[in-house]
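Below is one structure, written out as structure tokens; the observations come after it.
The values are calculated or read from the model by the stated rules, or taken from the named source; none is laboratory data. Keep in mind that this is a model prediction, so the values were computed, not measured. Don't worry about glycine lacking a Cβ; one is built from the backbone with ideal geometry, like all the others, and counts go over all protein chains shown. The protein model used for the area step is the full one, side chains on, heavy atoms only, and it has no ligands, DNA or RNA in it. Shrake-Rupley method; radii C 1.70, N 1.55, O 1.52, S 1.80 Å.
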Amino acid sequence: MAMQLTELLRFSTEDANDLVEGQMETTLRKVKEHTKCTDWRKVNSAVLTKLTKAQLVECLNEAVIAVGLGQESLEDAVADYGGLLENQVRLQARVINRDEELLKCKNEQLEAIQSTVKSELKSYSEVTKKGLEERAITAQQVKMAVKTAVKEDDRSRNVMMFGVPETAAEDLESKAAEVFEQLEEKPKVVECHRVGVQKEGASRPVKVTLSSSDTVGRILSKSRQLRTTDRFSHVFISKDLTIEERNARKKLVLELKQKRENEPGLYHFIRNGALFSRLHAGS
């Protein structure tokens, strides 16, 4: 773009020079014609004083025209140069905006991993606050932090099914598919297996890995519909919780039981990781 600007200014300047030179040649031809001089270098004040007023006016008029043409050409060149420069500035602004958008998108995608890495390195900041000597972060620690972040991403594609009857030589994928069909979903199942220690008379939870976290979100939002079905009213679907999240959930459930015992006149429930209470419907 800078080369285009330079070339435009050069060509416009050359055009202006050509116009001025052409008009000046016409002016010199008029001077030679009126003074009878074949060489313009011999034209001096003494020769020009011999010209009539009309002849001088004609020569001066030709010279003014030459200068005017040159001035107009230069003004046009400057205007063209300014317009092209303005377009260049707008184009550069678009490029900058696009780069900023790409960086923003990339930052959002890396946010989860960055958060996990910061959590894994928290111990180092605590050591620094205590005034101890700074220690280098080992490659193994960084590797573990990234591994944890990857596990978090994988967990977002899992759902946990509770209350699915456990039988010998069972086809878990078919059982899971039947539950999903009740929710009008037919997701692609990547992996399906039971977790935990098998106990007599109890069915272990089923962990189902799907192809995307978006599908998991849709299934979780519809999971309450199972309560109204005949076959799967006893089946409960939740997201795949970490150990910390499971412990927090157990604590909330205990608090919920205590609330129901101590305040039976209210309706108590858990939503979005918090305990709520309200009056019963119709109260």
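So that you can scan it fast, the table gives a plain yes or no per residue for (1) touching a helix residue (DSSP H, G or I) at 6+ places or on another chain (Cβ under 7 Å); (2) surrounded by 15 or more Cβ atoms within 10 Å (Cβ to Cβ); (3) part of a helix (DSSP H, G or I); (4) at pLDDT below 70:
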| position | (1), (2), (3), (4) |
| --- | --- |
| Leu8 | yes, yes, yes, yes |
| Glu14 | no, no, yes, yes |
| Ala46 | no, no, yes, no |
| Ala54 | no, no, yes, no |
| Leu60 | no, no, yes, no |
| Ile65 | yes, yes, yes, no |
| Val78 | no, no, yes, yes |
| Asn87 | no, no, yes, no |
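Mind checking which pairs have a first residue in segment 86-98 that is in contact (Cβ under 8 Å) with a residue 40 or more places away in the chain and a second that is among the hydroxyl-bearing types (Ser, Thr, Tyr), Cβ under 8 Å, 6 or more apart or different chains?
none
Would segment 189-208 turn up any residue that is of a type in the set (Lys, Arg) and farther than 16 Å from Val159 by Cα?
There is at least one residue in segment 189-208 that is of a type in the set (Lys, Arg) and farther than 16 Å from Val159 by Cα.
Looking at segment 206-220, is at least one residue loosely packed, with under 11 Cβ neighbours inside 10 Å and among the β-branched types (Val, Ile, Thr)?
no
If I ask for residues that are assigned to a helix (DSSP H, G or I), open to solvent by 30 Å² or more (accessible area, probe 1.4 Å) and in contact with a Leu (Cβ under 8 Å, 6 or more places away or on another chain), which ones from segment 221-247 would you list?
Of everything in segment 221-247, those that are assigned to a helix (DSSP H, G or I), open to solvent by 30 Å² or more (accessible area, probe 1.4 Å) and in contact with a Leu (Cβ under 8 Å, 6 or more places away or on another chain) turn out to be Lys222, Gln225.
Only one residue in Val179, Val190, Val197, Val164 is farther than 13 Å from Ile237 by Cβ, β-branched (Val, Ile, Thr) and either in contact (Cβ under 8 Å) with a residue 24 or more places away in the chain or touching a Ser or Thr at 6+ places or on another chain (Cβ under 8 Å) (or both), so which one is that?
So the residue among Val179, Val190, Val197, Val164 that is farther than 13 Å from Ile237 by Cβ, β-branched (Val, Ile, Thr) and either in contact (Cβ under 8 Å) with a residue 24 or more places away in the chain or touching a Ser or Thr at 6+ places or on another chain (Cβ under 8 Å) (or both) is Val190.
Any residue in segment 262-270 that is polar (S, T, N, Q), open to solvent by 100 Å² or more (accessible area, probe 1.4 Å), at pLDDT 90 or above and on the phi < 0 side of the Ramachandran plot?
Yes.
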